[in-house]
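Undergrad: First the structure, which I've put down as structure tokens, then a few questions once you've had a look.
The values are calculated or read from the model by the stated rules, or taken from the named source; none is laboratory data. Predicted model, so just to flag it, every value in this text is computed and none were measured. All Cβ positions, glycine included, derive from the backbone under ideal geometry; neighbour counts span all protein chains shown. SASA here: full protein model, heavy atoms, side chains in, ligands and nucleic acids out. Shrake-Rupley method; radii C 1.70, N 1.55, O 1.52, S 1.80 Å.
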Amino acid sequence: MWLFARDPVRDFPFELSPEPPEGSPPGPWALHRGRKKATGSPVSIFVYDVKPGAEELTQVAKAAFKRLKTLRHPNILAYIDGLETDKCLHIVTEAVTPLGVYLKARAEAGGLKELELSWGLHQIVKALSFLVNDCSLIHNNVCMAAVFVDRAGEWKLGGLDYMYSAQGNGGGPPSKGIPELEQYDPPELADSSGRAVREKWSADMWRLGCLIWEVFNGPLPRAAALRNPGKIPKSLVPHYCELVGANPKVRPNPARFLQNCRAPGGFMNNRFVETNLFLEEIQIKEPAEKQKFFQELSKSLDSFPEDFCRHKVLPQLLTAFEFGNAGAVVLTPLFKVGKFLSAEEYQQKIIPVVVKMFSSTDRAMRIRLLQQMEQFIQYLDEPTVNTQIFPHVVHGFLDTNPAIREQTVKSMLLLAPKLNEANLNVELMKHFARLQAKDDQGPIRCNTTVCLGKIGSYLSASTRHRVLTSAFSRATKDPFAPSRVAGVLGFAATHNLYSMNDCAHKILPVLCGLTVDPEKSVRDQAFKAIRSFLSKLESVSEDPTQLAEVEKDVHAASSPGVGGAAASWAGWAVTGVSSLTSKLIRAHPTAAPAEASVPQRPTPEGLPAPAPTPVPATPTSSAHWETQEEDKDTAEDSSAADRWDDEDWGSLEQEAESVLAQQDDWSSGGQTSRAGKPRPDSWGDDNWEGLEMESRQAKAELARKKREERRREMEAKRAEKKAAKGPMKLGTRKLD
């Protein structure tokens, strides 16, 4: 029976990359890229091949293996796994790049900022402080070759081959025998008499000075070059000079060196270092401190390195949301960092968090998500939107906070292209019908009309035929003037979706009624719309062969291209008109503002709107409308449009009146109530006869009110005449 010995290298759970070693440092080790066989995650593998007659070098490699395996510190190269055989040694660490290679690559790409260098040096000094002050170990090999950089740009101290105890337990410092490393030894080591008085950290701090010189000036040609600071920043020069002084006794302890550099005006006293220090201790920070930190983080991210944002800030943001109850405050920096990710990384890291956030009941979280939806909507697929996003978003239509209702309506512009048939043509139309008919905020009713005009092209042909004309006609009867303008412009944006019969019998009669609207902006848009529709009808009348071409979109399936064209007409309404929302809600929560003029922009062909029959919560007389200046400049509204994003929606947390829980179905055009009467707020197959009937009823009601008013006036006059005659004088005839 044959017995075969297992090959430990082959069974090792990590494998070396076939690429040649990258920038291996001087010494026994060769640095290879590698990966974990099970997951494919990248690692770095330091390899030492045992050679005959190199017992001393082998002992150095084994000592480094042992040291790296037992030392754990955030600023020291992280040990993952290792392999020790008679033929080789393998040390697996986090994926890193030698500092020299990293600096060269970054110099070709434009160079490192001082912020990055300050934090990198801070990490190396902190690692030395840990070794000297906490472990009583002398590194004895601080140089460019002993420093590595991970994918987040963090500097790690390695090169532990020649480390020894500061207490003298294991003898003196080991011999290196490598000229490239011995050039960094301090001058006092050449003094064999041993009379030089020095601290245990003196030699390592000299070598730190050499490292600082090389970071800013390149490879060190000779020790005498240290006298010239070269490109070392002025704020660092005084502290650097302390490191390379001839007297080893005055060289500062690593902890003292850090303290000096962190003083006001010091090289390491900057926002980048402060951010990193906070992130390292974030788990022990108070919730209030975390909130303040994340609120201020967004302002600084633009100046931070991209790799740092992706690999250090992002994990902390995700952890803070998942386990730290950070809430909505992490959203702004989270989406800002998300811009640095690829589409695949975004799907893996950001989207799961976003989906979970939408199920939150925190109002601040919901409104932040709605406001910033544009930043992540392109990464959401249709199944995710319809099953995990939309069911939570629609709750915003019923929220008592007007700001959330407003943002929910606006979000439909982004979600509509990804909604399925049921959610778009049935569920969404229910909520839009209720908002337009029953919402007590005029700007929200206005934006509902605007949004419908923009997403009209995504609706099915049957839904368009049943909903659009009725919805825009209803908007033209709104007591809020911008809503009436939005109704007119809604007809214009969707002009290609109506048949010629609808244009003549349903739309133009509505528009003609608006030519006597008390608001000039409404009248102006109505006249433009009438001219546009009449021109369209006239062209078909002169050449009937054009009918098929003009009506080609009427029965067509949903066409996103048309929605893009509609964006131009209504962009002003979603911004300029809605930018007034917060002011209107604060000032008149339920009234229809009388002075909210609408910016007049050129509109595409086609516009309509029925004569308004105001039934405002706070009645506004037509005389009041007529006394306004008809030629009032619209510059104020334009400026309001520009300030849309600056509105303080967070201050709209005041509770509005409870929203009616009833949800009227727009899709049930011919549906009737239990009493057999048509539902007054449904967008069904309304026709002009119905509108005429409503008009006759309104006129009859108006006549009745006038008769009643005249009767009260006559009674008041008779009462005044009686009062003018004075009291009746009593007779003086004596009664028998």
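Undergrad: Could you derive backbone 3J(HN,Hα) for region 275-286 from the dihedral phi with the Karplus parameters 6.51, -1.76 and 1.60 (θ = phi - 60°), listing whole Hz in sequence and x where the residue is Gly or Pro?
TA: With the stated coefficients, region 275-286 comes to 5, 5, 5, 5, 5, 5, 10, 5, 5, 9, 7, 6 Hz.
Undergrad: Ordering Ser298, Ser462 from largest to smallest accessible area (1.4 angstrom probe), what's the sequence?
TA: These residues rank, largest area first, as Ser462, Ser298.
Undergrad: Could you sort out which of Lys285/Lys312; Lys312/Lys336; Lys113/Lys339; Lys299/Lys418; Lys312/Lys418; Lys104/Lys200 sit more than 23 Å apart by Cα distance in this structure? Please list the in-between numbers first.
TA: Working: Lys285/Lys312 17 Å; Lys312/Lys336 14 Å; Lys113/Lys339 21 Å; Lys299/Lys418 32 Å; Lys312/Lys418 33 Å; Lys104/Lys200 33 Å.
Violating the 23 Å Cα-Cα cut-off are Lys299/Lys418; Lys312/Lys418; Lys104/Lys200.
Undergrad: Please list, in chain and number order, the residues 5+ apart from Lys36 or on another chain whose amide H is under 5 Å from its amide H, with Hs placed from the backbone.
TA: Ser41, Val43
Undergrad: Here's another thing I want to ask about it. Amide H of Leu16 versus every other amide H placed in the peptide plane: which residues, excluding those fewer than 5 positions away on the same chain, fall under 5 Å?
TA: Those lying under 5 Å, H to H, from Leu16: there are none.
Undergrad: Next question, about the same structure. Could you calculate the contour length gain from Glu715 to His505, that is, 0.36 nm times the residue separation minus the distance between their Cα atoms, to one decimal place in nm?
TA: Working: separation 210, 0.36 × 210 = 75.60 nm, distance 4.57 nm.
The span from Glu715 to His505 would gain 71.0 nm if fully extended.
Undergrad: Using θ = phi - 60° and the Karplus relation 6.51 cos²θ - 1.76 cosθ + 1.60, list the HN-Hα couplings for region 100-110 in order, rounded to whole Hz, with x at every Gly or Pro.
TA: Running phi through 6.51 cos²θ - 1.76 cosθ + 1.60 with θ = phi - 60° gives x, 5, 5, 5, 5, 5, 5, 5, 5, 8, x Hz.
Undergrad: Report the FRET efficiency, 1/(1 + (r/R0)^6), for Lys36 and Ala246, where r is their Cβ-Cβ distance and R0 is 45 Å, rounded to 0.05. Mind dumping the intermediate values first?
TA: Working: r = 49 Å, r/R0 = 1.09.
FRET efficiency, Lys36 to Ala246: 0.40.
Undergrad: Which links in Lys66/Lys176; Lys410/Lys552; Lys62/Lys156 stretch past 22 Å when you go from one Cα to the other?
TA: Too far apart for the 22 Å limit: Lys410/Lys552.
Undergrad: Something else now. Return the loop-located trypsin sites (Lys or Arg not before Pro) in region 192-253 (DSSP other than H, G, I, E, B) with at most 14 other Cβ atoms within 10 Å of their own Cβ; answer none if there are none.
TA: Arg195, Arg222, Lys231, Lys234
Undergrad: Find, among the trypsin sites (Lys or Arg not before Pro) in region 273-354, those assigned to loop by DSSP (not H, G, I, E, B) with at most 14 other beta-carbon atoms within 10 angstrom.
TA: Hits after loop and neighbour filter: Lys339.
Undergrad: A follow-up question, please. In terms of modelled amide H atoms, which long-range or inter-chain residues lie less than 5 Å from the amide H of Val96?
TA: Ser44
Undergrad: Return the whole-Å distance between the Cα centroid of region 77-93 and the Cα centroid of region 377-411.
TA: Cα centroid to Cα centroid, the span is 52 Å.
Undergrad: Is there a quick way to get the dipole size of region 86-157? I mean about its Cα centre, with the Cβ of Lys and Arg at +1 and of Asp and Glu at -1; what is the value in debye to the nearest 20?
TA: Dipole magnitude for region 86-157 comes out near 120 debye.
Undergrad: What order do you get for 506-516, 478-488, 37-47 when each peptide is scored by the mean count of other beta carbon atoms within 10 Å, highest first?
TA: Averaged packing, sorted descending, gives the order 478-488, 506-516, 37-47.
Undergrad: Turning to a different aspect of this structure: Got a sec to turn the phi values of region 378-386 into Karplus ³J(HN,Hα) couplings, 6.51 cos²θ - 1.76 cosθ + 1.60 with θ = phi - 60°, whole Hz, x for Gly and Pro?
TA: Residue by residue, region 378-386 yields 5, 8, 8, 8, 4, x, 5, 4, 6 Hz.
Undergrad: Please give the Cα centre distance for region 278-308 versus region 483-535, rounded to the nearest Å.
TA: Each part's Cα centre sits 53 Å from the other's.
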